[in-house]
Amino acid sequence: MKILHITNCLRGGGIQNFLLSLLSEQVKLGYDVALIVIEKDDYEYSLHLENILKKSGVRIYRLKKKRSSKFSFLKTLFACRKVTQAYCPNIVNTHGEMSHIYGAFATMMSSMPHCITVHNAPEYWDRINKILNSNKPLIYCSDSAYELRTQKNKDIIAINNGISSSISKSESTVDLRKELNLLLTDKIIVSVGSLRPQKNYDFLKDIVDELKDSSVHFCICGGNYGSGYINIELFKNYPTIHFLGLRSDVAAIQNASDVFLSCATFEGLPIAVLEAFLNGIPCVLSPIVQHQKIAEDVASCIIPKEFTAKAFVDALETVLLDTQSHKAISEQRIFCINKFSIAHTAKQYIEFYMRFVR
């Protein structure tokens with residue numbers, strides 16, 4: 001079977017890191033797998049992900065769409081259809097709202113089935129998506145995404161995102177204290193995810209104000225792509241909040257950190273949290289249903305009962321007292337880690353695909 005995936009970009013984020021694991025695993029299962037990347041970008045992290053995918057046997061096609069250009073949109077829309085028709089996949093799987101439109105156009109008036117993965121909880125569609133994709137089979141990336149669905153399509157299923165230990169786990173460490181000129185006694189709290197408003201990084205300022213401890217530093221790994229993203233300049237009066245940008249060594253950074261923190265207001269199924277579970281770092285996660293669904297009874301993981309700075313500070317102070325090694329914590333999380341194995345996820349994807357492949 002030939003499987004074609006389409007995504008908006010490879011700039012970094014939950015969708016991209018999930019595809020990194022899923023596509024590589026589908027190749028391991030013996031399938032011919034290709035990925036179309038719609039937007040133009042030359043970020044180092046994008047090239048990093050592309051190289052990993054190519055080495056695993058995934059074909060990559062870049063359309064190089066220019067952002068905010070209607071002409072480029074139309075040009076790449078037809079280019080996507082041309083690539084798709086030439087590759088002639090048995091199924092097309094799209095990831096991200098814009099990619100759903102490209103997938104619909106690429107498969108229009110053909111026998112190729114188009115399957116959509118919904119990565120946000122909820123994912124809101126514009127009028128074009130509703131018109132083009134209201135009858136497409138849908139895969140929701142988590143149970144919570146399924147429960148919060150806004151689509152009314154007939155063929156739907158929830159398949160929890162998964163991660164690959166070979167990709168998401170590392171034995172190396174990054175000396176952030178040296179990199180940031182910190183003291184050896186300073187504590188490091190790490191957060192992962194692009195600087196979109198839903199990640200709620202502004203809330204870190206409230207946490208810092210409540211904590212009142214200059215020895216605790218907050219490090220954010222994630223890209224900032226301009227309009228619609230968080231303005232880093234607004235953090236200039238908070239010297240203990242550090243923006244590290246896009247990093248390809250997140251696992252190694254987690255290994256050198258004391259706590260993983262997510263302040264997100266909503267998620268699909270957060271890959272970054274699963275990676276933190278895998279790497280054995282103590283966690284404090286925001287009280288949203290997407291975290292509650294995956295973090296129940298997970299060792300060294302606290303979800304504050306309230307979305308207040310004080311509740312988060314209390315949780316952080318508690319996990320900072322945890323003296324267990326990351327390895328010991330990871331071993332206590334084996335059941336949870338196995339539950340979200342990419343091998344299990346990939347097999348469920350194939351089983352769902354086969355319902356529509358002729």
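Using the structure shown, decide if TYR87 is touching a Leu at 6+ places or on another chain (Cβ under 9 Å), more than 24 Å from PHE356 (Cβ to Cβ) and surrounded by fewer than 22 Cβ atoms within 10 Å (Cβ to Cβ). I'd like the intermediate steps shown before the answer.
Working: touching a Leu at 6+ places or on another chain (Cβ under 9 Å): yes; more than 24 Å from PHE356 (Cβ to Cβ): no; surrounded by fewer than 22 Cβ atoms within 10 Å (Cβ to Cβ): yes.
When the stated conditions are applied, TYR87 does not pass them.
Return the total of residues in the range 139-165 being surrounded by 19 or more Cβ atoms within 10 Å (Cβ to Cβ) and either farther than 24 Å from ILE288 by Cα or touching a Lys or Arg at 6+ places or on another chain (Cβ under 7 Å) (or both).
4
I need a count of the residues in the range 300-319 that are surrounded by 16 or more Cβ atoms within 10 Å (Cβ to Cβ) and either touching a Ser or Thr at 6+ places or on another chain (Cβ under 9 Å) or in contact (Cβ under 8 Å) with a residue 40 or more places away in the chain (or both). Walk me through it before giving the result.
Residues of the range 300-319 surrounded by 16 or more Cβ atoms within 10 Å (Cβ to Cβ): 300-304, 309, 311-316, 319.
Narrowing the set further to residues that are either touching a Ser or Thr at 6+ places or on another chain (Cβ under 9 Å) or in contact (Cβ under 8 Å) with a residue 40 or more places away in the chain (or both) leaves 302-304, 309, 312-313, 316, 319.
Of the residues in the range 300-319, 8 are surrounded by 16 or more Cβ atoms within 10 Å (Cβ to Cβ) and either touching a Ser or Thr at 6+ places or on another chain (Cβ under 9 Å) or in contact (Cβ under 8 Å) with a residue 40 or more places away in the chain (or both).
Kindly list the number of the only condition in (1) surrounded by fewer than 23 Cβ atoms within 10 Å (Cβ to Cβ); (2) under 26 Å from ARG59 (Cβ atoms) that fails for LYS136.
The number of the failed condition is (1).
Within the group LEU74, LEU49, LEU29, which residue is among the hydrophobic types (A, V, I, L, M, F, W, C) and surrounded by 16 or more Cβ atoms within 10 Å (Cβ to Cβ)?
Values: LEU74 fails: surrounded by 16 or more Cβ atoms within 10 Å (Cβ to Cβ); LEU29 fails: surrounded by 16 or more Cβ atoms within 10 Å (Cβ to Cβ).
Going through LEU74, LEU49, LEU29 in turn, just one is among the hydrophobic types (A, V, I, L, M, F, W, C) and surrounded by 16 or more Cβ atoms within 10 Å (Cβ to Cβ): LEU49.
Test CYS80 against the criterion of being surrounded by 18 or more Cβ atoms within 10 Å (Cβ to Cβ), of a type outside the set (Val, Ile, Thr) and within 19 Å of the chain's Cα centre (by Cα), and give yes or no.
No: the conditions fail for CYS80.
Could you tell me which residue of the range 232-248 is farthest from the chain's Cα centre (by Cα), considering only residues that are closer than 13 Å to LYS205 by Cα and in a loop (DSSP other than H, G, I, E, B)?
Taking the candidates together, the pick is ASN237.
Give the range 320-336 a look and list any residue that's in a helix (DSSP H, G or I), touching a residue at least 24 places away in the same chain (Cβ under 8 Å) and among the aliphatic types (A, V, I, L, M), or say none.
Scanning the range 320-336 gives ALA328, ILE329.
Against the conditions (1) out of contact with any Lys or Arg (no Cβ under 8 Å at 6 or more places or on another chain); (2) within 24 Å of HIS242 (Cβ to Cβ); (3) of a type in the set (S, T, N, Q); (4) crowded, with 17+ Cβ neighbours inside 10 Å, where does SER191 fall short? Just the number, please.
Of the numbered conditions (1) out of contact with any Lys or Arg (no Cβ under 8 Å at 6 or more places or on another chain); (2) within 24 Å of HIS242 (Cβ to Cβ); (3) of a type in the set (S, T, N, Q); (4) crowded, with 17+ Cβ neighbours inside 10 Å, the odd one out for SER191 is (1).
Is there a residue in the range 108-126 that is free of Cβ contacts under 8 Å to residues at least 24 places away in the same chain, assigned to a helix (DSSP H, G or I) and not aliphatic (A, V, I, L, M)?
no
Write out, first by first residue and then by second, each pair whose Cβ atoms fall under 7 Å of each other, whose residues are 6+ apart or on separate chains, and whose first residue, in the range 203-214, is farther than 11 Å from ILE241 by Cα while the second is buried (at least 20 other Cβ atoms within 10 Å of the Cβ) and among the aliphatic types (A, V, I, L, M).
Listed by first residue and then by second, the contacts come to GLU210/VAL313; LEU211/VAL313.
Output yes when any residue across the range 265-282 is touching a strand residue (DSSP E or B) at 6+ places or on another chain (Cβ under 7 Å) and surrounded by fewer than 20 Cβ atoms within 10 Å (Cβ to Cβ), and no when none is.
Looking for residues that are touching a strand residue (DSSP E or B) at 6+ places or on another chain (Cβ under 7 Å) and surrounded by fewer than 20 Cβ atoms within 10 Å (Cβ to Cβ), one finds none in the range 265-282, hence no.
Which one of these is modelled with pLDDT of 95 or more, part of a strand (DSSP E or B), more than 23 Å from LYS347 (Cα to Cα) and among the aliphatic types (A, V, I, L, M): ILE188, ILE139, ILE157, ILE207? Spell out how you get there, then give the answer.
On the way: ILE139 fails: more than 23 Å from LYS347 (Cα to Cα); ILE157 fails: more than 23 Å from LYS347 (Cα to Cα); ILE207 fails: part of a strand (DSSP E or B).
After ruling out the rest, the residue left standing is ILE188.
How many residues does the range 106-127 contain that are of a type in the set (A, V, I, L, M, F, W, C), surrounded by fewer than 17 Cβ atoms within 10 Å (Cβ to Cβ) and either in contact with a helix residue (DSSP H, G or I) (Cβ under 7 Å, 6 or more places away or on another chain) or at negative phi (or both)?
Selection size over the range 106-127: 1.
Conditions tested, residue by residue: (1) modelled with pLDDT of 95 or more; (2) in contact with a strand residue (DSSP E or B) (Cβ under 7 Å, 6 or more places away or on another chain); (3) of a type in the set (Asp, Glu).
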site: LEU132; (1), (2), (3): yes, no, no
site: ASP175; (1), (2), (3): no, no, yes
site: SER215; (1), (2), (3): yes, yes, no
site: PHE218; (1), (2), (3): yes, yes, no
site: GLY228; (1), (2), (3): no, no, no
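Starting from residues that are among the basic types (Lys, Arg) and in contact with an Asp or Glu (Cβ under 9 Å, 6 or more places away or on another chain), keep the ones in the range 130-160 and report whichever is farthest from LYS339 (Cα to Cα). It would help to see each step written out before you state the result.
Looking only at the range 130-160, we keep the residues that are among the basic types (Lys, Arg), and these are 130, 136, 149, 152, 154.
Now restrict to residues that are in contact with an Asp or Glu (Cβ under 9 Å, 6 or more places away or on another chain): 136, 149.
Numbers: LYS136: 27, ARG149: 22 Å.
The residue in question is LYS136.
The values are calculated or read from the model by the stated rules, or taken from the named source; none is laboratory data. Being a predicted model, the structure only gives us computed values, none of them experimental. Methodologically, a virtual Cβ is constructed for each residue, glycine included, from the backbone with ideal geometry; neighbour enumeration extends over all protein chains shown.
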